[in-house]
Amino acid sequence: MAELGFEVIGVDIDPAKVEILQSGRVPFYEPGLPEVLARNIDAGRLRFTTSISEAAATADIHFICVGTPQQAGANAADLSQVFGSVQALAPHLRAGALVVGKSTVPVGTAALIADQLAITAPDVEVAWNPEFLREGFAVADTLHPDRLVIGVRGNRAEDLLRQVYAPLLADGVPFLVTDFPTAELVKVAANSFLATKISFINAMAEVCEAAGADITQLAEAIGYDPRIGNRFLAAGLGFGGGCLPKDIRAFMARAGELGAEEALAFLREVDQINLRQRTHTVNLALAALGGSFAAKNVTVLGAAFKPDSDDVRDSPALAVAAAIHNAGGNVVVHDPKALANAARVYPTLTYVEDVNEALANAELVLHLTEWPEYRDLDPGALPAAAKQRHLIDARNRLDPQLWRAAGWTYRALGRPTA
Ligand code: UGA
């Protein structure tokens, strides 16, 4: 918003985060974001505070961008941060203000918030404006989105958001105006489709493996059909992160509350196919090591849930690393950016910052997050710590010929064994 020219105040309840941001640093890894942050702080358009009263007092538009994680022990979303921030904001709203929800919420939440605010702040409007950015591409996705979707109840909210997004609209970004429930559903429908696409190709990978076929060629071949498309067809360890897994579960939970449970029964299968890739990878690792992890040196390449991120929330790579560690393996984990976050979640694993050092004693290497630098590794130059070394490429991105030529056994998900 500051980059678009607005005067912006970011509010967070965590004083440490506010201090880091105010000093021009980003408390997580996101390519390009530090530059945008520093530029806008320097220009005087952006600052951060923990004081919601001070921030809200002068603002016309309030974006709610808090997290909606999965509830502990349930599939549903935990909405405490959404309702907590609205409650904290409500007493400070000026007449005519607009509250815009960006968080991913169960359908019906926007209406609840609008109805609540109507009691205490009748002149205030609510809009729901779901966020579609991807981690790793957050800056570009925000400034050049595929589309903008706003759910509104009245024209004033739409007019204000047209002014907010005027530069993007001038660029031709599609602008869809809907009611509240449609806007809320667009977001979870989009993430459910993406999750389904990944689980579809992983299900095909399971069949390829059983039939001796190659999933990478199959995916390329079906992807040339523009109705299918080749994006999000990378078979492997499956999806993780703070969005896709919890969003499909929260969607199923909400559909159940609405009596539409059956419509989303397929998402349970999508979730199960996805989790099965993790067990399958552990089983392949076990087989490569002759049936036991005990005292075996296993190196895991990648801890983030995907490359270009330091996010380890529901990371498939870390789940596999932890499972092998718990089964007795000596697991060493490497990641270019996510080691500090990984160590907070699984403090008992061994983390090594230098990739060559991480690989030095490996009997088995698992390629679990496809950072580009792993493709540049020269397997021939790695020290031979064991007579027989094994590679499992659970992201199907390394060159089988290169690794086999250097004396490694190469296994991937959904590809022939030799
Ligand atoms: C996802 C959506 O792509 C965004 O549009 C959405 O805004 C965001 O969630 C959100 O709800 O906030 P993100 O979680 O950043 O974005 O990550 P993705 O790029 O979607 O990747 C998700 C997972 O799928 C990763 O673990 C990735 O490794 C995996 N993946 C992706 C595959 O296994 N295969 C693929 O072909 C693509």
Residue satisfying condition, being under 23 Å from G302 (Cα atoms) and of a type in the set (S, T, Y), within set S192, S199: S199
Enumeration of residues in the range 25-54 that are in a helix (DSSP H, G or I) and at pLDDT 95 or above: L33, P34, E35, V36, L37, A38, R39, N40, I41, D42, I52
From the options G236, G229, G241, residue that is touching a strand residue (DSSP E or B) at 6+ places or on another chain (Cβ under 9 Å), within 15 Å of the ligand (Cβ to nearest atom) and at positive phi: G236
Of all residues in the range 71-82 being within 22 Å of A118 (Cβ to Cβ) and touching a helix residue (DSSP H, G or I) at 6+ places or on another chain (Cβ under 8 Å), the one that is surrounded by the fewest Cβ atoms within 10 Å (Cβ to Cβ): L79
Residues within the range 5-25 that are closer than 20 Å to Q81 by Cβ and touching a helix residue (DSSP H, G or I) at 6+ places or on another chain (Cβ under 6 Å), tallied: 3
Some residue of the range 188-200 being in contact (Cβ under 8 Å) with a residue 40 or more places away in the chain, away from the ligand (no atom under 14 Å from the Cβ) and in a helix (DSSP H, G or I): no
Residues satisfying the stated conditions in the range 169-187, i.e. of a type in the set (A, V, I, L, M) and within 16 Å of the ligand (Cβ to nearest atom): V173, L176, A183, L185, V186
Leading residue by the ranking (farthest from the ligand (Cβ to nearest atom)) among those in the range 101-146 that are part of a helix (DSSP H, G or I) and closer than 18 Å to C243 by Cα: T109
Residues (farther than 14 Å from N191 by Cβ and in contact with a Phe, Trp or Tyr (Cβ under 9 Å, 6 or more places away or on another chain)) located in the range 147-156: R147, L148, I150, G151, V152, R153
Restricting the range 406-418 to residues that are over 31 Å from the mean Cα position of the chain (by Cα) and in a strand (DSSP E or B), the residue that is farthest from A287 (Cα to Cα): W408
Cβ-Cβ under 6 Å pairs, at least 6 apart or on other chains, the range 125-139 side touching a residue at least 12 places away in the same chain (Cβ under 8 Å), far side assigned to a helix (DSSP H, G or I) and within 8 Å of the ligand (Cβ to nearest atom): P130/K187; L133/D141
Where L377 falls short, out of the listed (1) away from the ligand (no atom under 16 Å from the Cβ); (2) crowded, with 19+ Cβ neighbours inside 10 Å; (3) under 18 Å from G328 (Cβ atoms): (3)
Failed item, numbered, when L258 is tested on (1) aliphatic (A, V, I, L, M); (2) under 24 Å from D310 (Cβ atoms); (3) more than 12 Å from the ligand (Cβ to nearest atom): (2)
Any hit, the range 41-54, residues being closer than 22 Å to R134 by Cβ, of a type outside the set (V, I, T) and out of contact with any strand residue (DSSP E or B) (no Cβ under 7 Å at 6 or more places or on another chain): no
Checking W403 against (1) crowded, with 21+ Cβ neighbours inside 10 Å; (2) outside any helix (DSSP H, G or I), the condition it does not meet: (2)
Options R39, R45; residue that is in contact with a Phe, Trp or Tyr (Cβ under 8 Å, 6 or more places away or on another chain) and more than 24 Å from A255 (Cα to Cα): R45
Cβ-Cβ under 8 Å pairs, at least 6 apart or on other chains, the range 379-406 side without any contact (Cβ under 8 Å) to a residue 24 or more places away in the chain, far side of a type in the set (G, A, S) and within 16 Å of the ligand (Cβ to nearest atom): P400/A412
The range 211-226, residues that are within 15 Å of the ligand (Cβ to nearest atom) and among the hydroxyl-bearing types (S, T, Y): T216
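The values are calculated or read from the model by the stated rules, or taken from the named source; none is laboratory data. In this text the structure is predicted, and so the values were computed from the model without any measurement. Please note: Cβ atoms are built from the backbone with ideal geometry, for glycine as well, and neighbour counts cover all protein chains shown.
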